[in-house]
Amino acid sequence: MATLTGARRLVVKIGSALLVDRTTGALRAEWLGGLCDDVARLRARGTDVVLVSSGSIALGRGTLGLPLGVLTLEQSQAAAAVGQIRLAGAYDAALAARGLTAAQVLLTLEDSADRRRYLNTRATLEQLLRFGAVPIVNENDTVATDEIRFGDNDRLAAQVAVTAGADQLILLSDVDGFYSANPAQDSTARRYDTIDAITPEIEAMAGDAGSGLSKGGMKTKLMAARAAMAAGCDMAITQGDVMHPLTALENGAPSTWFTAQGTPQQRRKAWIGGMKAKGRVTIDAGAVRAIQQGGSLLPAGVAQVSGIFGRGDAIEIINESGALLGLGLTRYDATDAGRVKGLRSDAIGAVLGYPPRAALIHRDDMAF
């Protein structure tokens, strides 16, 4: 069974009902402080942490005096604009008090549907985590419309976990796990400790959203679990409305773990390896050694570029004898890849006229 203790990279989803008092519309600052205590403890032992946090609309509607209930799209966007700056400020202050740096990342569905934007998001999250920051991710509700929305932060959290290569996703919820029926309505409902596969029977047990602030229900949590498990990421549902909820989970608080088969790295490599190549790069002996030792492919090691491809497309990697080494997702299109081939990193910016990317193909985006 999965446990929080083993997490290398962790994504935690926090719903509006946990962060914002449903009666007053005020931020639950003490609860947020307890969560940030947990984050600081996890970071101190080397675990990367990404927080996917709702709350901007809930905070903004209170500030603007909007009533509970369904808002129009324009009202939601206005509330998000007002609330997001307060939400980011609250996280920044709470994390700074514990010696941590907060970073705000706002996404829409298009950022995951478009491969180039997906790679941008992945690279940004990777760099932030490398610097030791704690990314605070939310849907960009100020500009998102129904056509480009995730719709709930359970789905967004799963996509962030997949994008960031997390090995665990924790959904802090108003229930302590997945039940065979709604425990508030059925006294015989039982909680599952572990779910290894989402079967039609499991799907039939899921209910809908039950909170005036929350959009997600068990159906969306199952959708999140399916996406996470397919990417090699374990997922847990646990009670969030307690002080230090991550510590409570680690100490054995009731929860349901959805267990993945394989690791995020294995699943990602398999996905890349099954893609159709749009082009090819021939690399020299030094670059062959570098990537075989776990390094990224730098432009300096590229001898030849062929094909028509865009940034984010899969391309073949071959050696100078013509042997296929593997596939990778390129961070340059064919034109720019041809312009920078063979160049050292410090010479690329002058050729392209914009700040260069460190690698032509990052090691995480290769499959051999």
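Read-outs throughout are calculated quantities, based only on the coordinates presented, and are distinct from any laboratory measurement. Being a predicted model, the structure only gives us computed values, none of them experimental. Heads up, the Cβs are rebuilt from the backbone with ideal geometry, glycines too, and the neighbour counts pull from every protein chain shown.
For the chain, the residue among A230, V281, L100 whose Cα projects farthest onto the positive side of the dipole built from Cβ charges is V281.
Net charge in the neighbourhood of M223 (other residues with Cβ under 12 Å of its Cβ; Lys, Arg +1, Asp, Glu -1) is +1. Most simply put, the range 274-367 has about 70% antiparallel DSSP beta bridges, counting only bridges with both residues inside it.
Panel note: the C-alpha atoms of the chain, placed on their principal axes, show extents of 68, 43, 40 Å (largest first).
Name the residue farthest towards the positive end of the dipole of the range 4-264 from the options W257, P200, V11, assuming +1 on Cβ of Lys and Arg, -1 on Cβ of Asp and Glu, about the Cα centre. Going by the Cα projections, it comes out as V11. Helix 264-273 axis versus longest C-alpha principal axis of the chain: approximately 50°, rounded to the nearest ten.
Net charge in the neighbourhood of R122 (other residues with Cβ under 9 Å of its Cβ; Lys, Arg +1, Asp, Glu -1) is -3. Per-residue extension of 0.36 nm, minus the Cα-Cα distance of R8 and L64, leaves a gain of 16.1 nm for this segment.
Rounded to the nearest 10 degrees, the inclination of helix 29-44 to the longest alpha-carbon principal axis of the chain is 40 degrees. Ranked by how many other Cβ atoms sit within 10 Å of their own Cβ, fewest first, the residues H362, H244 fall in the order H244, H362. Look at the dipole of the chain built from charges on Cβ: of L27, I272, A58, the Cα furthest out on the positive end belongs to I272. Placing +1 on the Cβ of every Lys and Arg and -1 on the Cβ of every Asp and Glu, with nothing else charged, gives the chain a dipole about its Cα centre of roughly 1020 debye.
Order the peptides 80-86, 153-159 from the highest to the lowest mean number of other Cβ atoms within 10 Å of their residues.
Ranking the peptides 80-86, 153-159 by packing returns 153-159, 80-86.
Per-residue counts of other Cβ atoms within 10 Å, averaged by peptide: what ranking do you get for 254-266, 124-136, 171-183, highest first?
Packing proxy ranking, top to bottom: 171-183, 254-266, 124-136.
Near L246: Cβ cut-off under 11 Å, other residues only, Lys/Arg at +1 and Asp/Glu at -1. The net charge is -2. Mind pulling the angle between the C-alpha long axis of helix 73-96 and the longest principal axis of the chain? Nearest 10 degrees, somewhere in 0 to 90. Result, in degrees: 80.
Ordering of 35-42, 269-276 by packing is 35-42, 269-276, highest average first (other Cβ atoms within 10 Å, averaged per residue). Most simply put, the chain has about 40% antiparallel DSSP beta bridges, counting only bridges with both residues inside it.
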